Amino acid sequence: STFVRARIIKFNLLSPIAQTFSGAYENVLSPETSLQISIFINAYGFGVTPEYRYYLSETLAPRGIYIAPFLRYQEIDGYESTFGGGLVIGKQQIFKNKISIDAFFGPSYNTFVVDEVFAFGLRAGITIGFIINSKR
């Protein structure tokens, strides 16, 4: 299989359950790696989540199983913010070199800057994506 530098725009299908809009942009860097940046917006604020993906499967990125450490910044009600990170494991399938389906989950850790409260959580999602550009 030939390596392709894909760029994918994604939308999280689970976001409406949490009354949130969540989208992502993934840029494949090499046959094994990519960078993804996700944003989410809801009635209480917004957040940004950059992650570095390392694909473990024998297929070339962005296909297959991956692990991804991530950071997250979130602003709540315009005055309180959180900062944290975690690690997800996921699997992304590509169909007809045009559409991606990506499922992921893993632990997260956040600290609320104002109150100095620390919280463990879970980050999970299922996204559908569209390959917008690819270069060999």
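Here, each number is a calculation from the coordinates, and none is a lab measurement. Just so it is clear, the model here is predicted, and its values are computed rather than measured. All Cβ positions, glycine included, derive from the backbone under ideal geometry; neighbour counts span all protein chains shown.
Using a Förster distance of 22 angstrom, determine the FRET efficiency expected from the C-beta separation of residue 71 and residue 42, and round it to 0.05.
Computed FRET efficiency for residue 71 and residue 42 comes out at 0.70.
Can you give the extra length, in nm with one decimal, that the chain gains between residue 87 and residue 18 once fully stretched, where that is 0.36 nm per residue apart less the Cα-Cα distance?
22.7 nm
How compact is the stretch 34-114 by the rule of thumb for globular proteins, expressed as Cα Rg over 2.2 N^0.38 Å?
Ratio of Cα Rg to 2.2 N^0.38 Å: 1.26.
Measure off 7 Å from each Cα along the Cα-to-Cβ vector at residue 52 and residue 79, then give the distance between these two points in nanometres to one decimal.
3.7
Select one label from (1) 13, 43, 30, 12, 2, 0; (2) 12, 47, 36, 5; (3) 12, 35, 20, 10, 11, 9, 3, 0: the one whose number is P(r) over Cα pairs in 10 Å bins from 0, in percent as derived from the coordinates shown.
Answer label, from the structure shown: (1).
Hey, if you put +1 on the Cβ of every Lys and Arg and -1 on every Asp and Glu Cβ in the chain, which of 124, 36, 70 ends up farthest toward the positive end of that dipole?
Working it through, the farthest residue towards the positive pole turns out to be 36.
Report the paramagnetic label zone for residue 59: residues of the stretch 80-119 whose backbone N is under 19 Å from a point 7 Å from Cα along the Cα-to-Cβ axis.
The answer is 89-105.
Write out the GluC sites (Glu not before Pro) in the stretch 34-136 meeting two conditions: DSSP loop, and at most 10 other Cβ atoms within 10 Å of their Cβ.
Passing both the DSSP loop test and the Cβ count: 58, 116.
With only Lys, Arg, Asp and Glu charged, each at its Cβ (+1 for the first two, -1 for the last two), find how big the charge dipole of the chain is about the Cα centre; round to the nearest 20 debye.
It comes to approximately 940 debye.
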